[in-house]
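Read the figures in this text as sums done on the coordinates, not as results from a lab. Given the structure is predicted, the values throughout are model-derived calculations rather than measurements. Because the Cβ atoms are built from the backbone with ideal geometry, glycine has one as well, and the counts that use them run over all protein chains shown.
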Amino acid sequence: MPISIKTAEDIAAMRIACRLAAEVLDYIEPFVKPGISTAELDRLCHDYMVDVQGCIPAPLNYAPPGYAPYPKSICASVNHQVCHGVPNDRALKKGDIVNLDITTIKNGWHGDTSRTFCVGETSILARRLVAMTHECMWAGIAQVRPGAHLGAIGAAIQKQAEGAGYSVVREFCGHGIGRHFHEEPQVLHYGKGGDGPILQTGMVFTIEPMINAGKAAISELPDGWTIVTKDRSLSAQWEHTVCVTETGVEVLTLSPGAPPCPPHIRVTP
Ligand code: MF3
Ligand code: CO
Ligand code: CO
């Protein structure tokens, strides 16, 4: 399957799904406090998406080949969990970091975004990892323009992450998105700037680096979904869905609560 090019109409529809996904994160942020469980956060987000926004939580029962249906409506990955953490009844505690990953379906179109939150007061080390991973995501976004190689995104992210002494998870990547949750291309968060296809106006994909404080290696928990760092070091992730414009990039998953692009990173709209 080639990389699909979205029409102006398609993109208008995706803007809606993407904004809704971002607004779920705005909604849930005040609840992310010591004492709440990730299952409770899942329930709150599920009800908000279904009852308030009138959209479908894409993760619920999502079953890519080789996977059991995903049992919850959001992913919640705590501390050394890298991604796809399955919400459970354990309470979050002060000092944890937790990534909440929201994917909505609205009128048949997907929007996918995640943020990593600090639970109460966290260590300087954890805050630095979270902030640096956010910067990595934006360093990748800043590469997006028609004519650029897809590989420029991963190269920029890897340089930023490894320059800070961190490592980039290799096994999971960003992805094309549209009528389907996961489409081509695969958007690597590492690699050579000249690799990969040339970006064209109308391509829509996610950029979602997973950055580990320790080594890059990961393992999968017996639940068949939750991914953790092999060395149990902290891991953070941020995700936006972006569209290649005539001149640069449009970030579709923005909302009032989304932290802005760091001022030293220049993004061309
Ligand atoms: N939202 C994740 C991503 O960014 C995918 C989660 S798949 C699920 O691609 F089934 F775990 F929800
Ligand atoms: Co994604
Ligand atoms: Co996601």
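Between Thr245 and Ala131, what is the spin-label point distance in nm, taking each point 7 Å from the Cα along the Cα→C-beta axis?
So the two model labels end up 2.8 nm from each other.
Which residue fluctuates most in the GNM of the chain (Cα springs below 10 Å): Thr247, Thr206, Thr38?
Residue with maximal mean-square fluctuation among Thr247, Thr206, Thr38: Thr247.
Can you give me the Cα centroid spacing of segment 160-199 and segment 53-99 in angstrom?
With segment 160-199 and segment 53-99 each reduced to a Cα centre, they are spaced 21 Å.
Kindly point out which whole DSSP H helices in the chain project their C-alpha atoms 20 angstrom or further along the helix axis while averaging a Kyte-Doolittle hydropathy of -1.0 or above.
8-28, 124-141
Got a sec to turn the phi values of segment 252-269 into Karplus ³J(HN,Hα) couplings, 6.51 cos²θ - 1.76 cosθ + 1.60 with θ = phi - 60°, whole Hz, x for Gly and Pro?
Values, residue by residue: 7, 9, 8, 7, x, x, 6, x, x, 4, x, x, 7, 9, 9, 10, 8, x Hz.
Give the order of Ser73, Ser233, Ser219 when sorted by the count of other beta carbons within 10 angstrom, beginning with the fewest.
Ser219, Ser233, Ser73
Among Ile218, Ile198, what is the fewest-to-most ranking by other Cβ atoms within 10 Å?
Ile198, Ile218
Looking only at segment 67-89, which residues have a backbone nitrogen under 13 Å from a spot 7 Å from the Cα of Glu171 in the C-beta direction?
81-85
5 Å is the cut-off here: which amide hydrogens, built 1.01 Å from N in the peptide plane, fall below it relative to Met203, excluding neighbours closer than 5 in sequence?
Those lying under 5 Å, H to H, from Met203 are Lys6, Val244.
What does the convex hull of the alpha-carbon atoms of segment 1-63 project to on average, in nm²?
Reported value for the Cα convex hull: 6.0 nm².
Taking the Cα of Ala63, stepping 7 Å toward and past its beta carbon, and measuring to each backbone N in segment 212-244: which are under 16 Å?
224-225
Run the quick spin-label model on Ile265 and Met1: label points 7 Å from Cα toward the beta carbon, then report their separation in nm to one decimal.
2.7 nm
Based on the alpha-carbon gyration tensor of segment 8-251 and its eigenvalue square roots a ≥ b ≥ c, which shape applies: rounded if a/c is under 1.5, prolate if not and a/b is larger than b/c, or oblate?
Cα axes put segment 8-251 in the oblate bin.
What does the C-alpha gyration tensor say about the overall shape of segment 29-112? Classify as rounded when a/c is under 1.5, otherwise prolate if a/b is larger than b/c, or oblate.
Taking the square roots of the gyration eigenvalues as a ≥ b ≥ c, segment 29-112 is oblate.
For the chain, how many pairs of lysine residues have a Cα-Cα distance under 25 Å, where the two are 8 or more positions apart or belong to different chains?
The number of close lysine pairs in the chain is 17.
Please give the FRET efficiency for Asp89 paired with Thr201, using the beta carbon to beta carbon distance and R0 = 45 Å, rounded to the nearest 0.05.
Rounded to the nearest 0.05, the efficiency is 0.45.
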